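Everything on this sheet refers to the single structure shown next.
No lab work stands behind these numbers, since they all come straight from the coordinates. Just so it is clear, the structure is predicted and the values come from calculations on it, not from any experiment. FYI the Cβ positions are ideal-geometry reconstructions off the backbone, even for glycines, and counts take in every protein chain you see.
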Amino acid sequence: MKQNLRIIVSLFVLTIAFYGCDSTNKEPSKKSDAASEEKGKALVDMSDSTDAEFKAVFNKQIQSLLAKDPAGYMTTIAKSGRDSIDEFHNVETHVNLYDLDYKILNFVVIRKDDRTAEVEVEMQVTKRNGPDFEDNISVTRHILGNSDGKWKILESRMIKYTPLKDIKEGEKRNEQN
C-alpha cells in the first residue's frame, strides 16, 4: 500500500487529480473509450487564459495518464538520465495497474517570471478499476521552468494529502450533529 501511495504521490507530486467509482467489472473497451473521450479535453479550467501556459502542462499530464501514455507524461517534466528512466517506469507501472479519474479542484499561480513559476494544484483522484487504492484529495506545489519557450515541471512536493474516506466520515459526523 505504501509503494502504491508513493507512486501516486510522485505522479502528481509530479502531477496529479481524482473522481469516479470502483468499476472492476468494466470491459477493457469501455475503459479505452472513456480515456479516448477525455483525451483532448481540458481538465484544468482554461476559461481564464491568464495562466494557460502553466495549466496546459497539467492538462497534458492528466490526458497522458488517462490515455496510458507514459511517454506523453514524461514530456511535462524535466528529468534526465537515470531519473527519467526510473520515472518512466513508475508512470508505466501506474497506468498499467490503475484506471483512475483525475479532477483539478483548484489551480493557483503563486509566482512567475520569464524563467520560473510556482503553482499550487489541488486535485482529487479516484479509482475506477485496479488493485487497492486510496481515493484522495491532494495539494501539491510545483516549480516549473521555461526552456526554449516550453514550461516543464522541475520539482514537486506534497503539501497536503487527505483520503476521501476521511472527508466523507467528517461530513457524516457533521450531519449527525
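The order of the peptides 60-71, 99-110 by mean Cβ neighbours within 10 Å, most packed first, is 60-71, 99-110. Once you sort the root eigenvalues of the Cα gyration tensor of the range 42-177 as a ≥ b ≥ c, which label holds: rounded (a/c under 1.5), prolate (a/b larger than b/c) or oblate (the other case)? Here the range 42-177 falls in the oblate category. Shape class for the range 107-159: prolate, because the ratio a/c of the largest to smallest gyration tensor axis (alpha-carbon atoms, square roots of eigenvalues) is 1.5 or more and a/b beats b/c. Peptide packing: for 167-175, 153-161, the average count of neighbouring Cβ atoms within 10 Å per residue gives the ranking 153-161, 167-175, highest mean first. Can you bin the range 81-123 into rounded, prolate or oblate? Criterion: square roots of the alpha carbon gyration tensor eigenvalues sorted a ≥ b ≥ c, rounded for a/c under 1.5, prolate for a/b above b/c, oblate for the rest. Oblate is the answer for the range 81-123, as a/c is 1.5 or above yet b/c matches or exceeds a/b.
Descending by average beta-carbon neighbour count within 10 Å, the peptides 121-127, 133-139 line up as 121-127, 133-139, the highest first.
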